[in-house]
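The values are calculated or read from the model by the stated rules, or taken from the named source; none is laboratory data. Predicted, not measured: the structure shown is a model, and the values here were computed from it. Note: ideal-geometry Cβ built from the backbone for every residue, glycine included; neighbour counts use all protein chains shown.
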Amino acid sequence: MVRDLDQTIFVAGHRGMVGSAIVRRLRALGYGKILTAGRDQLNLLDQAAVRTFFQANSIHQVYLAAAKVGGIHANNTYPADFIYENLMIEANIVQAAHLAGVQRLLFLGSSCIYPKHAEQPMKEEALLTGILEPTNEPYAIAKIAGIKLCESYNRQYGRDYRSVMPTNLYGPHDNYHPENSHVIPALLRRFHEATQRGDEEVVIWGSGKPLREFLHVDDMAAASVHVMELDDDSYRANTQPMLSHINVGSGADCTIRELAETIAKVTGFTGRLGFDATKPDGAPRKLMDVSRLKALGWQASISLEDGLRDAYNWYVGNVEQARTS
């Protein structure tokens, strides 16, 4: 695809961690017509409002990064909200984009689409081959529906709607809520606060042995734009009409212990690390197979330590500063 910097690009979910990173990436590449709309301007759950928005704007590309997201506690507490809102957001945007003649769209999903006991590393072909993780099944079902929604519009209407499935993401604009955050923001906050208090030990849930993969959100944004800008021949040569999604990850994993040790280094914590083995570990390993993405010419470039340092600096300069001021 020849890059046309004059095209109008709508980034849905621009205030979220991924959406804001995509906006940063597009601006860095020289795109000047980036269209955004906050919740106060556009309710993505309102089908008529979304359709009117598309009809009122001459949109050439869409990055569908808007979603209702949360950790295990939120997914378990509000399963109906998670499946309903995510289904409505993606259905409203994809249908409105189609009706407005938008030919190119990128849908952002999640690695939770894969079965709970998928073979590691998880290949795209594992989709719909087994039972999902029960704690986030409603969210995963909605994301699977998003993939199939894009594929269905491609098959019936000849659209070029693509999907990318990221591994565990972290970075600027992450959620640092003490109860609802994911592992990296939760640990960054805990180690920071322990350092400030002068604690001698930080205790981490589980044995520290499970392996997890992490990707900085700026790498995710770069991969998203790369996939969006692939020419048709390259994209179709590496995907299938009904298996079109592309995994996005670093291609490497680390133990939770290694993650905690790196976070201790980044935050300046010099005390002991403790591991409470009475707490659950979860799956022993979760790693994405990114061979399809590599074949398409992209791989991650931000190391875990560099990425964690960037995330920590953002946390201190934004969340912590706002909390203490």
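Of all residues in the range 102-156, those satisfying the criterion of being β-branched (Val, Ile, Thr), at pLDDT 95 or above and assigned to a helix (DSSP H, G or I) are Ile113, Ile141, Ile144, Ile147. Filtering the range 257-310 to residues that are touching a strand residue (DSSP E or B) at 6+ places or on another chain (Cβ under 7 Å), assigned to a helix (DSSP H, G or I) and under 22 Å from Glu124 (Cβ atoms) leaves Arg292, Leu293. Taking each residue of the range 263-289 that is free of Cβ contacts under 8 Å to residues at least 40 places away in the same chain and basic (Lys, Arg) and looking for partners that are surrounded by fewer than 14 Cβ atoms within 10 Å (Cβ to Cβ) and assigned to a strand (DSSP E or B) with beta-carbon atoms closer than 9 Å, six or more apart or interchain, yields nothing.
Among the residues of the range 14-67, those identified as among the small types (Gly, Ala, Ser), touching a residue at least 40 places away in the same chain (Cβ under 8 Å) and either over 23 Å from Ser110 (Cβ atoms) or not in a loop (DSSP other than H, G, I, E, B) (or both) are Gly19, Ser20, Ala21, Ser58. In the range 247-300, the residue that is farthest from His226 (Cα to Cα) out of those that are surrounded by fewer than 21 Cβ atoms within 10 Å (Cβ to Cβ) and of a type in the set (Lys, Arg) is Arg272.
Of all the numbered requirements in (1) surrounded by fewer than 21 Cβ atoms within 10 Å (Cβ to Cβ); (2) among the hydrophobic types (A, V, I, L, M, F, W, C); (3) over 16 Å from Lys143 (Cβ atoms), Leu26 misses one, and that requirement is (1). Restricting attention to the range 157-173, the residues that are surrounded by fewer than 22 Cβ atoms within 10 Å (Cβ to Cβ) and part of a loop (DSSP other than H, G, I, E, B) add up to 4.
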